[in-house]
Amino acid sequence: MNRFSRSTGPIAVAAVLVLAAACSKKPAAKTTPEPTPVPATPTAEPGAPTPAPRPQPTQVPSPSVLSEPLSKLSGYLNPVFFDLDKADVRPDAKDTLGANAEFLRKYPSIKVTIEGHTDERGTREYNMALGQRRASSAKEYLISLGIEASRLTIVSYGKERPFCTGHDEACWQKNRRDQFTVTAK
């Protein structure tokens, strides 16, 4: 008979299997970071008009973008900013809306809600109406770029959902915006 008894044989085999399983590597899951549209903080000299925040460059979506959750898809669309008490689409906003329109043309099944926002100044009623006008301006501009109106809905949040909670011009500029949220694909 050999040096090992019959009871240690199965234990040895089990130990080898456990060690083999522990040493095997699983492939790392591929993850893409969620894009976050964050307006740049403007700098200006005292007394000079404060420049508007610059939009972040539009990220190039992967071909499998439609398999991503709706919350991640919204990150491919950048916000546009407005001047105080204005709803006109500014020249820098036209560039951003053009990039957003390009994304929407590439993925014609995507539907978007344009959210109009304002800073904290003014009455609730005034800001709700201003947010509505801002969202309408962005929608009309996207339509002029060939995006179907049926893919775009608008909503105004006025001053109810600030991006920045400070009480100064730097924060107010970030809050005078339209956000784009993907609602269906």
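Go through the residues of the stretch 138-151 one by one and say whether even a single one is closer than 20 Å to Lys72 by Cβ and either touching a strand residue (DSSP E or B) at 6+ places or on another chain (Cβ under 7 Å) or outside any loop (DSSP other than H, G, I, E, B) (or both).
Initial filter on the stretch 138-151 (closer than 20 Å to Lys72 by Cβ): 151.
Applying the additional criterion that residues be either touching a strand residue (DSSP E or B) at 6+ places or on another chain (Cβ under 7 Å) or outside any loop (DSSP other than H, G, I, E, B) (or both) yields 151.
Checking the stretch 138-151: at least one residue is closer than 20 Å to Lys72 by Cβ and either touching a strand residue (DSSP E or B) at 6+ places or on another chain (Cβ under 7 Å) or outside any loop (DSSP other than H, G, I, E, B) (or both).
Look through the stretch 141-162, keep the residues that are small (Gly, Ala, Ser) and crowded, with 16+ Cβ neighbours inside 10 Å, and return whichever of them is modelled with the lowest pLDDT. Before you say what the answer is, go through the steps one by one.
Taking the stretch 141-162 first, the residues small (Gly, Ala, Ser) are 144, 146, 149-150, 156, 158.
Still in the running and crowded, with 16+ Cβ neighbours inside 10 Å: 156, 158.
Details: Ser156: 94, Gly158: 84.
The selected residue is Gly158.
So, of the residues in the stretch 163-176 that are at pLDDT 80 or above and part of a loop (DSSP other than H, G, I, E, B), which turns out to be nearest to Asn127 (Cα to Cα)?
Arg176
Looking only at residues in the stretch 117-140 that are surrounded by 15 or more Cβ atoms within 10 Å (Cβ to Cβ) and of a type in the set (D, E, K, R), which one is farthest from Gln179 (Cα to Cα)? Can you show your working first?
Step one: list which residues in the stretch 117-140 are surrounded by 15 or more Cβ atoms within 10 Å (Cβ to Cβ), which gives 117-120, 122, 127-139.
Narrowing further to those that are of a type in the set (D, E, K, R): 119-120, 133-134, 139.
Details: Asp119: 14, Glu120: 17, Arg133: 13, Arg134: 10, Lys139: 11 Å.
Per the criteria, the residue is Glu120.
Mind checking which residues of the stretch 68-117 are assigned to a helix (DSSP H, G or I) and at pLDDT below 90?
Here is the first cut: in the stretch 68-117, the ones assigned to a helix (DSSP H, G or I) are 70-76, 91-106.
Across the stretch 68-117, the qualifying residues are Leu70, Ser71, Lys72, Leu73, Ser74, Gly75, Tyr76.
So Arg105 passes all but one of these: (1) surrounded by fewer than 16 Cβ atoms within 10 Å (Cβ to Cβ); (2) over 18 Å from the mean Cα position of the chain (by Cα); (3) of a type in the set (D, E, K, R). Which condition number does it fail?
Every listed condition holds for Arg105 apart from (2).
What is the residue count in the stretch 128-185 for residues that are touching a helix residue (DSSP H, G or I) at 6+ places or on another chain (Cβ under 6 Å), of a type in the set (D, E, K, R) and more than 16 Å from Ala93 (Cβ to Cβ)?
Residues flagged as touching a helix residue (DSSP H, G or I) at 6+ places or on another chain (Cβ under 6 Å), of a type in the set (D, E, K, R) and more than 16 Å from Ala93 (Cβ to Cβ) within the stretch 128-185 amount to 2.
Which residue is surrounded by the fewest Cβ atoms within 10 Å (Cβ to Cβ), if the candidates are limited to the stretch 72-102 and must be closer than 30 Å to His167 by Cβ and acidic (Asp, Glu)?
Applying the filter and picking the extreme gives Asp88.
The values are calculated or read from the model by the stated rules, or taken from the named source; none is laboratory data. Model, not experiment: these values are computed from the prediction. When we count neighbours, we look across all protein chains shown, and the Cβ atoms used for this are built from the backbone with ideal geometry, even at glycine.
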